[in-house]
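> Once you've had a glance at the structure underneath, I'll fire off some questions.
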Amino acid sequence: MPSTKQPSPIVSETPSPVEPPLMLADLAKVLVQHYQLHEGKYDLWFEFQIGLGNVGPNKEQAFPGAAFGLKRVGLSPSKTDNPFTVDAALVNPKKEKRHRGPTPKKVGE
């Protein structure tokens, strides 16, 4: 009888990003544009989630432990400038509305 066991996936290879990863200041710029902010200074804001419990390979070797996860990323108004502060007026300036000239008159007007 042939084996139906699937080969185990290769886990030693680290996946590569599709593009170079963003630096934190670049991520802040992307969020300013996403939220369509045109004025003010902003800092990145992170919300973490913490899980507590026994951690180990089995019950006999378990110890109290914690796991941290990044839950959400956003922006908060900046109170003081720091290396990651983004000025919305510089990275996402308001586009000036084009002024069109007078509408041409239709024939016969």
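Only the coordinates and a few stated rules stand behind these numbers; no lab work does. The structure presented is a predicted model; accordingly, all values stated were derived computationally and were not measured. As a convention, Cβ positions derive from the backbone with ideal geometry for all residues, glycine included, and neighbour counts pool all protein chains shown.
> Which residues, taken from region 12-36, are surrounded by 10 or more Cβ atoms within 10 Å (Cβ to Cβ) and either assigned to a loop (DSSP other than H, G, I, E, B) or among the polar types (S, T, N, Q) (or both)?
22, 23, 33, 35
> List every residue pair whose Cβ atoms sit under 8 Å apart, with the two residues 6 or more apart in sequence or on different chains, where the first one lies in region 72-86 and is in contact (Cβ under 8 Å) with a residue 40 or more places away in the chain and acidic (Asp, Glu) and the second, anywhere, is surrounded by 10 or more Cβ atoms within 10 Å (Cβ to Cβ) and part of a strand (DSSP E or B).
81/41
> Something else: Would you pick out the residues in region 69-100 that are under 17 Å from residue 26 (Cβ atoms) and among the polar types (S, T, N, Q)?
Across region 69-100, the qualifying residues are 78, 82, 85, 92.
> Do you know which of the residues in region 46-83 that are touching a helix residue (DSSP H, G or I) at 6+ places or on another chain (Cβ under 9 Å) and surrounded by 10 or more Cβ atoms within 10 Å (Cβ to Cβ) is farthest from residue 33 (Cα to Cα)?
73
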